[in-house]
Structure formats: C-alpha cells, structure tokens
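This report refers to the structure that appears directly beneath it.
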Ligand code: UD1
C-alpha cells in the first residue's frame, strides 16, 4: 500500500491543470451501455475509480481504451448483464450500470453496495425509481435482480435529492416507452452533464438545469463524442491548498460557475481570487478569517470539499463551524487531524475547528477519499514530516495528486509500503 511523505512549510506557487470530473465520468461511462457504437469521452481523468469502472464494463463485454485523457467505449457486443460484488465493493458508483442495463437489455444483476466509511448510503431510491418505471426487482444473495422487457414512462419523485439515483433513473427513462416526469432531480453539474450527453445521443429531455425533467422515451440512441466537465472537487482542493500555504496558484481547465459556493467562502476568508472563463487564480498572503460552511446539495457548498475546508480553517484566526447536511457523520478525518495537533471538537452533524493550533508532522491514516485530501492539505502546513498511510483512498479520485502538488513546489513523495 502506498503512502505519502510530506515536508510541510512550502508555499504553493505556479499553474496546475485540473482533470476531468471523476463523478461525471463515472456516470457518463455506463451511459455507453445505452447504445451500440464507439463513444469517445474527452477530458477523462486517470484515477482508480475510472479504472474500476473500465474493468467492470470490460467484464460485461464493453471494449474500453484510455489514451491520454481520451476514453473510447464500445458496448456493441455485451456478454454479461451483471455487476459482481468484487467491483461494487470497491466503488459504489458501479450501481450506475443498473439503469442502462434494464432499459436496453431488460435485465440486470447488480451487487448491492454495502456500507460506507462516512455513514449509511442506501440505494432505495434507485430501486423505487426503476420499479416505478415497471421493473420487477428482487434482492437475493446480496444482488439486485431487475427485470422488465420494456420500461414504461411514469412520474417519479425523488424524496431525497440524490446524484446517483437521479443519474440511474434518468438513464433508464430515456429508453422507456412513453413519457416520464422526474421531480426533485439533483442539480449537481455531474447530473446535468449526463443530461447533456444523453440529449446528444438522441434522448428527448426537457427541463435541463431544473429539478423537473420531462422525458419522452425513444426506441434507440446512438454513440457520441463528449467532453467531461472539469473536476470541481479537485479544483476546490487545489484552491484551498494554495490559500492555506499562503501561495499564488492558477488553476486551468476549470468551470468557475461550478465553484461559486467555494469561491464565495474563500473570498469571505480573505483570499484574493481572479476568475477567468476557464481559469482561477488564488493569492493569499495572510491567515484566513474563520468562515463557517454547511455542506448542502448543489449549488450549496459541496460535501466532497468540507474536509478540505476543515484543514484550511486550522490556519485561521478563530473558530469556524463545519456542518454536513448530506452526510452528518462525515467527520472521520478529525481524529487524524488531531494527531497533527489540530484543535477540533465534533458534535452531531458538525465540527468546530479552532484555528491557530501549532501543527506538527505525524503519521496519519486515510479513511476515505476526501478525508485523505484534507490530511494532505494539513500536512502541507504542519511543521516537519507527515506520513499519510493508505493513499489508495486518495488515488480513487485524484490524478497524480503528489505530482501536481510537487509541480507547485510542495515537498511530497509517494512510497510503496507494507504498512496497513
Ligand atoms: C455522489 C457522489 C459523492 C458525493 C455525493 C453527494 C458520485 C460517484 N459520488 O454520491 O462523491 O459525496 O453524491 O454530493 O457521484 N440517498 C438515499 N437513498 C438513495 C440514494 C441516496 O437516501 O437511494 C441519500 C444518501 O444517503 C445521502 C443523500 O441521499 O444522504 C445524497 O446521496 P447521493 O447524492 O445519492 O450520493 P451518491 O450519488 O452516492
């Protein structure tokens, strides 16, 4: 298992290109199951979750090939309609194959995802939505078994705003017979990106950019070339890393509109931001003001960047409260930050970060993807050497993070280790 070794105390400076959005790619890739022919997905990131999705699709007979950031997929000759536990346990987004498989092939067998490091993450909405479209669903031996010769359009309301369920039901509805209305659809840019690609493929969807989508099912769709949106979470991580090291960093290949909530909070903290059409420069030469955040659904502050914000606030001039309304127990990073000397109190669904404590290097353990990013950020400002174990969590969603940080001047190395 790899670990990172970071020597803190360097100001990040320079320019860094942001990769394509992991969470968008993970939704766009299974959409290729909906049509024959070769799909080309540009601006695809190269990280572990992408490899897992490629392997999962490959196990079903999809031809995939990643050259640089160009991913081609061809699902013309599918050999299986199953997502085995081995893949789903590595990555919950494997469940995205469920909607397209049942819609195009009339059957799917997908392992149920289990628990998750930051609390319960049910898939009831994915199943209820498909049932509403006429699928017969049974759960047997840990697998979701879905069948339906042809889905039928219906009205489905998402009781909770869910990125994953919105994507899954949308991908199913585009091939259902008749009209589907989906209400309380998640507004996250990754969901909208799927709407855009499906529309390009020939799907008839109205209401793009709103929480109500009206879909007229079609009999077939076709393969397309599509560009993945930039990763707003990777961008937020670099913005925060630059600010907390009192650096001067320009991000390229970003979509600033997707980062509005993060940008507003950074400005409130005292960061200077120059926002271009696809670039953002952040300059910081002081410790930030303490700024509270509450992670909410888009366009609110993203839950996937709250752990990084907590790290940022360690360098602030006072106390700030971090709340998460989506995953109220997503604070597993706190005890690890405390090992570096952080002064943080946790409560029910929130933590209070008291800035100004002296941070010194230690050995810490990654518990999930974004928690790992928070530890790396804190290590950048801790005095001395920090070892971050189990960075495979981080590799799930960041493309060569240590190389990108290194190019900005950070002293960070990857080492392969037997440690657990
Ligand atoms: C996606 C992202 C993840 C992000 C999360 C919230 C991907 C691959 N992952 O996860 O990085 O943290 O959105 O922005 O895109 N829920 C239910 N029933 C369901 C589904 C969800 O109750 O069937 C609840 C969840 O428990 C959670 C909330 O809905 O409280 C939002 O979760 P959801 O948007 O579905 O998250 P994911 O799609 O799993």
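No value in this document is a laboratory result; all are computed from the given coordinates. Quick caveat: nothing in here was measured; it's all calculated off a predicted structure. Every residue, glycine among them, receives a Cβ derived from its backbone with ideal geometry; neighbour counts consider all protein chains shown.
Some notes on this structure:
- Sequence of 309, 51 once ranked by neighbouring C-beta atoms within 10 Å, starting from the fewest: 51, 309
- Order of 105, 350, 87 - criterion: other Cβ atoms within 10 Å of each residue's Cβ, fewest first: 105, 350, 87
- For the chain, a Gaussian network of Cα nodes joined below 10 Å ranks 180, 44, 277 by mean-square fluctuation, and the top entry is 277.
- Relative contact order for the chain, counting Cα pairs under 8 Å that sit 6 or more residues apart, in percent: 22
- Placing dummy labels 7 Å off each Cα toward the beta-carbon, the span from residue 147 to residue 285 is 7.1 nm.
- Rounded to 5, the percent of DSSP beta bridges in region 279-420 classed as antiparallel: 55
- Three-way shape label, region 1-71, alpha-carbon gyration tensor, a/c 1.5: prolate
- Two-site label geometry, residue 212 and residue 385: point separation in nm, points 7 Å out along Cα→Cβ: 6.2
- Residues in region 367-393 that a label on residue 117 would reach, taking backbone N under 13 Å of a point 7 Å out along Cα→Cβ: 367-376, 388-393
- Modelled FRET efficiency - R0 60 Å, residue 78 with residue 411, Cβ distances, 0.05 increments: 0.80
- Cα-based shape type of region 245-340, given that a ≥ b ≥ c are square roots of the gyration tensor eigenvalues and the cut on a/c is 1.5: oblate
- For region 270-329 and region 177-206, distance of Cα centres in Å: 30
- Rg/Rh for region 22-227, where both radii come from Cα atoms and Rh is the Kirkwood radius: 0.92
- Cα long-axis angle, helix 369-381 against the chain (0 to 90 degrees, to the nearest 10): 20
- When the chain is treated as a GNM with alpha-carbon contacts under 10 Å, the residue of 80, 161, 193 showing the greatest mean-square fluctuation is 80.
- Relative counts (whole %) of C-alpha pair distances in region 156-311, using bins that are 5 Å wide: 2, 9, 17, 17, 15, 12, 10, 8, 5, 3, 1, 0
- Overall form of region 101-162 per C-alpha gyration tensor (a/c, 1.5; a/b vs b/c): oblate
- Computed helical MRE - 222 nm, the chain, DSSP H runs ≥ 4 contributing -39500 (n - 2.57), nearest 500: -8500 deg cm²/dmol
- Taken over the C-alpha atoms, region 92-207 has Rg and Dmax values of 13.4, 40 angstrom.
- One Cα centroid belongs to region 366-420, the other to region 1-32; the line between them spans 11 Å.
- Our estimate of slack between residue 85 and residue 131, defined as 0.36 nm per intervening residue step minus the Cα-Cα distance, is 14.3 nm.
- Unit Cα scatterers, Debye sum, region 334-403: log10 I(q)/I(0) for q = 0.16, 0.25 Å⁻¹: -0.54, -1.13
- With the Kirkwood sum run over all distinct C-alpha pairs, the chain has a hydrodynamic radius of 21.8 Å.
- Region 50-206 - share of DSSP beta bridges that are antiparallel (%, nearest 5): 70
- For region 39-156, fraction of C-alpha pairs farther apart than 26 Å, in %: 24
- Helix 48-59 vs. the chain, principal-axis angle (Cα, 0 to 90°, nearest 10): 20
- Expressed to the nearest 5 percent, the antiparallel share of DSSP beta bridges inside the chain is 70 percent.
- When Rg and the Kirkwood radius Rh are both evaluated on Cα atoms of region 263-420, their ratio Rg/Rh stands at 0.94.
- Top of 43, 168, 117 by mean-square fluctuation, Gaussian network on the chain, Cα under 10 Å: 117
- Extension gain, residue 138 to residue 59, is 26.2 nm, computed as 0.36 nm per intervening residue step minus the present C-alpha separation.
- Cα-based helix-to-principal-axis angle, 22-31 vs the chain, degrees rounded to 10: 10
- Contour excess over end-to-end distance, with Cα ends at residue 107 and residue 296 and 0.36 nm allotted per residue: 64.6 nm
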